[in-house]
Amino acid sequence: AAGAQGPSNHSTPPFDPHFPYQNQTRNCYQNFRDFHRCTKIMKRRGKDSSPCDYYRKVYHSLCPLSWLSREGNEEKVETFPNRNLPAWLL
């Protein structure tokens, strides 16, 4: 089926003035980190992590599919999926 692999509720994230240029790699990476940081903090506090879903939606929208396919089980991933990132991202 066409589009079976794509997200059903796909939307483009709003403009972020921290990342004004066309290359959104850093924005992807930052939202990936924010999502995992947020879920870790919420779990530590014993709270629902649904407010963190915004970051997940943003990085799923911005990151290349090849990076997301390496992600595997999202609950166990705490490192960025692509190991070959430019040094300026790390």
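None of the figures in this text is laboratory data; all of them are computed from the coordinates on show. This is a predicted model, so every value here is computed, not measured. Here the Cβ is made from the backbone with ideal geometry for all residues, glycine too, and neighbour counts use every protein chain on show.
For region 12-51, the gyration tensor built on C-alpha atoms gives a prolate shape. Its axis ratio a/c (a ≥ b ≥ c) is at least 1.5, and a/b is the larger of a/b and b/c.
Highest first, please rank the peptides 62-68, 27-33, 39-45 by the mean number of other Cβ atoms sitting within 10 Å of their residues.
27-33, 62-68, 39-45
Each residue of region 48-65 was assigned a 3J(HN,Hα) from its phi angle through the Karplus expression (A = 6.51, B = -1.76, C = 1.60, θ = phi - 60°), giving 5, 9, 4, x, 7, 4, 4, 4, 5, 4, 5, 6, 5, 7, 8, 6, x, 4 Hz with x at Gly and Pro.
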